[in-house]
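Enquirer: Below is one structure. I have some questions about it.
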Amino acid sequence: MRFTGRLLLAHFVLLMLTILGAWAVVGGGVLHSLIGNLIEERADIALYIAEQVESADDPIAEAVALASALQVEVRLTSEEPPPGKRRGKRSAQTLERDGRTLRIIKSRRSPILVPVMVQGVEKWLVVRFPVDLEAPPRRAGGGLIILAGIALLGAIIAARWTLRPLRTASDAMHQIAAGDLGHRLPEGGDVTGQMGETFNRMAARVEGLVADQRNLMAAVSHELRTPLARMRLQLELLGDTGADPSRIRDIEAEVGEVDGLVEELLESARLDQGVLALHLESVDLLDLAAEALGSVDLGERPICLSIPVGSHLTADRKRLLRCLTNLLSNAVRYTAAEVEVTLSAIPEDHGVRLVVSDRGEGVSAEALPRLFDPFFRAEASRSRVTGGLGLGLMLVRQIIEAHGGRIVAENQAGGGLSVGMWLPMEPIPSATQAAPGQESSVSRS
């Protein structure tokens, strides 16, 4: 059961126990005793009337006179009246008084039946009283039922009021988890205010650590470019010394990989810091897909291209091309040579969803939510042959979000991985706003 349900149930049970306790006190301790005393008094009155009727010369006239004087209804009948019905069953209570067996019928006015001898004939004296003794318990029970409904409503309101600070804290945690590290809670002197103060200190520390990490990554990446440039120059000069050309090519390849890694780190840091400029222009998605397919070594595997002719959107062509090539390279790297790869564009929600999918083995359910995290790889190996340091998908996510889009990875029902990138037809204001061909800085939302 969820915490909200448990808290609501606890409030309701507590209130119901209070109501049941009140009913036990009022119904059992007060009303039951009071009604019992009143029945005893009524029995005494009925017995008095019976004695007076039996001794009177004119029993009927005596009964009428006593009924008027005592404000009750009295009648004589030769046949015993049937017991009253209570919840579908006939019920009556017997009471022994002065050698007589009085019967109290369970009904609204609880008439009392007294056997009498009138002029030598056995009859029944029926005495009815104007006040209904069962009305107070019924009204008390009805009132407690209404009170139970009010208690339930009060429990719901109390649970909502109690959980409001927790919901506020939960929303703040979701904001922090979504990347809004500047989100803060209200502070105060009570318990919730102290919780907000503690949360704000934690969020500020996390924000500072993340900012330091980004600054460090940007600084290190930038500083590494200078020695890499000197290494390239040294390699060019090394070729003039008669060194083994194959060794030089191997070193150049290694330097190129390091240079590419530094470039990815530097661009990622700039995207995180919101200082990267997007070169916006009208992009033909069919031409972009053809260029991406041409830049990736797909081997002999079948390719399915599903992009309508004339599909355009405004984006940074170079970086969007990088997204497609990264996703296609991943599909090639993690699937067999005969597995089909699909690249499609689907109009959706005033934008376009670009999808790169394959029919490989897919990704485990545990790894799927972390595919776009920095330095995360579904495999334990980190060699460049099997996928590098896990920066490619992170960079894809950052580029798509810089355009105001979103990216989702999911396993397909028939097997394989599908990565969908939704992009607006025009970059939304919170991402970037520039005319095609102009630069505009990216702000992180």
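The rows are residues; the columns are (1) at pLDDT 75 or above; (2) buried (at least 19 other Cβ atoms within 10 Å of the Cβ); (3) farther than 18 Å from SER329 by Cβ; (4) under 42 Å from the mean Cα position of the chain (by Cα).
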site: GLY256; (1), (2), (3), (4): no, no, no, no
site: ASP259; (1), (2), (3), (4): no, no, no, no
site: ARG270; (1), (2), (3), (4): no, yes, yes, yes
site: LEU278; (1), (2), (3), (4): yes, yes, yes, yes
site: LEU293; (1), (2), (3), (4): yes, no, no, yes
site: LEU298; (1), (2), (3), (4): yes, no, no, no
site: PRO302; (1), (2), (3), (4): yes, no, no, no
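Enquirer: Something else now. Cβ-Cβ below 7 Å, separation at least six or inter-chain, first residue in the range 38-59 and within 17 Å of GLU73 (Cβ to Cβ), second assigned to a helix (DSSP H, G or I) and β-branched (Val, Ile, Thr): which pairs?
Expert: Sorted first by the residue in the range 38-59, then by its partner, the pairs are PRO59/VAL53.
Enquirer: From the list MET421, MET394, which one is touching a helix residue (DSSP H, G or I) at 6+ places or on another chain (Cβ under 8 Å) and at pLDDT below 85? Break it down stepwise before answering.
Expert: Working: MET421 fails: at pLDDT below 85.
None of the others qualify; the one that does is MET394.
Enquirer: For a quick check of your reading of the model, give me the residue pairs whose first member lies in the range 398-412 and is over 17 Å from PRO374 (Cα atoms), whose second is part of a loop (DSSP other than H, G, I, E, B), with beta-carbon atoms closer than 6 Å and at least 6 apart or on different chains.
Expert: Taking only residues 6 or more apart or on different chains, the pairs are HIS403/PRO427; HIS403/ALA431; GLY404/PRO427; GLY404/ILE428; GLY404/ALA431; ASN411/GLY362.
Enquirer: Right, here's the next one. So is HIS350 more than 33 Å from the chain's Cα centre (by Cα), surrounded by fewer than 18 Cβ atoms within 10 Å (Cβ to Cβ) and either in the same structural domain as ILE399 (by TED's automatic domain parsing) or touching a residue at least 24 places away in the same chain (Cβ under 8 Å) (or both) or not?
Expert: Spelling it out, it is not the case that HIS350 is more than 33 Å from the chain's Cα centre (by Cα), surrounded by fewer than 18 Cβ atoms within 10 Å (Cβ to Cβ) and either in the same structural domain as ILE399 (by TED's automatic domain parsing) or touching a residue at least 24 places away in the same chain (Cβ under 8 Å) (or both).
Enquirer: Please specify each residue of the range 122-147 satisfying the condition of being aliphatic (A, V, I, L, M) and under 15 Å from ARG75 (Cβ atoms).
Expert: Within the range 122-147, LEU125, VAL126, VAL127 meet the criteria.
Enquirer: For the range 101-130, how many residues meet the condition of being of a type in the set (D, E, K, R), modelled with pLDDT of 80 or more and in contact with a strand residue (DSSP E or B) (Cβ under 6 Å, 6 or more places away or on another chain)?
Expert: Counting residues in the range 101-130 that are of a type in the set (D, E, K, R), modelled with pLDDT of 80 or more and in contact with a strand residue (DSSP E or B) (Cβ under 6 Å, 6 or more places away or on another chain) gives 3.
Enquirer: ILE145 passes all but one of (1) modelled with pLDDT under 80; (2) loosely packed, with under 13 Cβ neighbours inside 10 Å; (3) part of a helix (DSSP H, G or I); which number fails?
Expert: (1) is the only condition that ILE145 fails.
Enquirer: State whether the residues of the range 33-45 include one that is assigned to a helix (DSSP H, G or I), assigned by TED's automatic domain parsing to the domain that holds ILE105, in contact with a helix residue (DSSP H, G or I) (Cβ under 8 Å, 6 or more places away or on another chain) and over 28 Å from ARG103 (Cβ atoms).
Expert: no
Enquirer: Still on this structure, please answer the following. Mind listing whichever residues of the range 305-319 are of a type in the set (Val, Ile, Thr), in a loop (DSSP other than H, G, I, E, B) and in contact with a strand residue (DSSP E or B) (Cβ under 6 Å, 6 or more places away or on another chain)? Break it down stepwise before answering.
Expert: So the first thing to find is which residues in the range 305-319 are of a type in the set (Val, Ile, Thr), and the list is 307, 309, 314.
Those still in the list that are in a loop (DSSP other than H, G, I, E, B) too: 307, 309.
Residue satisfying the conditions is ILE307 alone.
Every residue, every condition in (1) on the phi > 0 side of the Ramachandran plot; (2) of a type in the set (A, V, I, L, M); (3) not assigned by TED's automatic domain parsing to the domain that holds GLU401, yes or no:
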{"position": "SER170", "(1), (2), (3)": "no, no, yes"}
{"position": "GLY179", "(1), (2), (3)": "yes, no, yes"}
{"position": "GLY182", "(1), (2), (3)": "no, no, yes"}
{"position": "PRO186", "(1), (2), (3)": "no, no, yes"}
{"position": "GLY189", "(1), (2), (3)": "no, no, yes"}
{"position": "GLU197", "(1), (2), (3)": "no, no, yes"}
{"position": "ASN200", "(1), (2), (3)": "no, no, yes"}
{"position": "ALA204", "(1), (2), (3)": "no, yes, yes"}
{"position": "GLU207", "(1), (2), (3)": "no, no, yes"}
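Enquirer: Just checking, does the range 113-130 include any residue being of a type in the set (Gly, Ala, Ser) and assigned by TED's automatic domain parsing to the domain that holds THR18? I'd like the intermediate steps shown before the answer.
Expert: Here is the first cut: in the range 113-130, the ones of a type in the set (Gly, Ala, Ser) are 120.
Filter once more, so that each one left must be assigned by TED's automatic domain parsing to the domain that holds THR18: 120.
Scanning the range 113-130 turns up at least one residue that is of a type in the set (Gly, Ala, Ser) and assigned by TED's automatic domain parsing to the domain that holds THR18.
Enquirer: Let me ask something else about it. Out of the residues in the range 98-136 meeting the condition of being outside any strand (DSSP E or B) and charged (D, E, K, R), tell me which one is nearest to ILE35 (Cα to Cα). Before you say what the answer is, go through the steps one by one.
Expert: Within the range 98-136, the first condition is being outside any strand (DSSP E or B), and the residues that meet it are 98-99, 106-111, 119-120, 129-136.
Filter again for charged (D, E, K, R), leaving 98, 106, 108-109, 132, 134.
Working: ASP98: 22, LYS106: 13, ARG108: 13, ARG109: 12, ASP132: 10, GLU134: 8 Å.
By that ranking, first place goes to GLU134.
The values are calculated or read from the model by the stated rules, or taken from the named source; none is laboratory data. Computed from a predicted model, the values in this text were never measured in an experiment. When we count neighbours, we look across all protein chains shown, and the Cβ atoms used for this are built from the backbone with ideal geometry, even at glycine.
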